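Working notes for the structure below.
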Amino acid sequence: MLKKLTVVAAGAFLALTMSLEMGAATAHAAKVDCDAVMSELNSGKKATEVATDLKISKSSVYRCKKKAAKAAASPAASPAP
């Protein structure tokens, strides 16, 4: 009986530890400077190189690229006649 209780307690502790660790991994990092990202991309660098140089993820690079494309396509970005 004591052995079974020890295994259950250890399993619960492991589950708690894993859930806390997963929660820390999903925390948001500092804001990404999309202007710097776009500057690097416009200079000819690839997304992987930009991510490495700026110490951000490739998905952050693609997010900035998508944001810039959306801003360029918006009516506010086009010049007035």
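Points to keep in mind about this one:
- Between 29, 72, 25, the distinction of being in contact with a helix residue (DSSP H, G or I) (Cβ under 9 Å, 6 or more places away or on another chain) and either hydrophobic (A, V, I, L, M, F, W, C) or at pLDDT below 70 (or both) belongs to 29 only.
- Output for segment 51-65, where each listed residue is of a type in the set (Val, Ile, Thr) and crowded, with 16+ Cβ neighbours inside 10 Å: 56, 61
The values are calculated or read from the model by the stated rules, or taken from the named source; none is laboratory data. Note that the structure is a prediction, hence the values are computed from the model and not measured. Every residue, glycine as well, gets a Cβ built from its backbone with ideal geometry; the counts of neighbours run over all protein chains shown.
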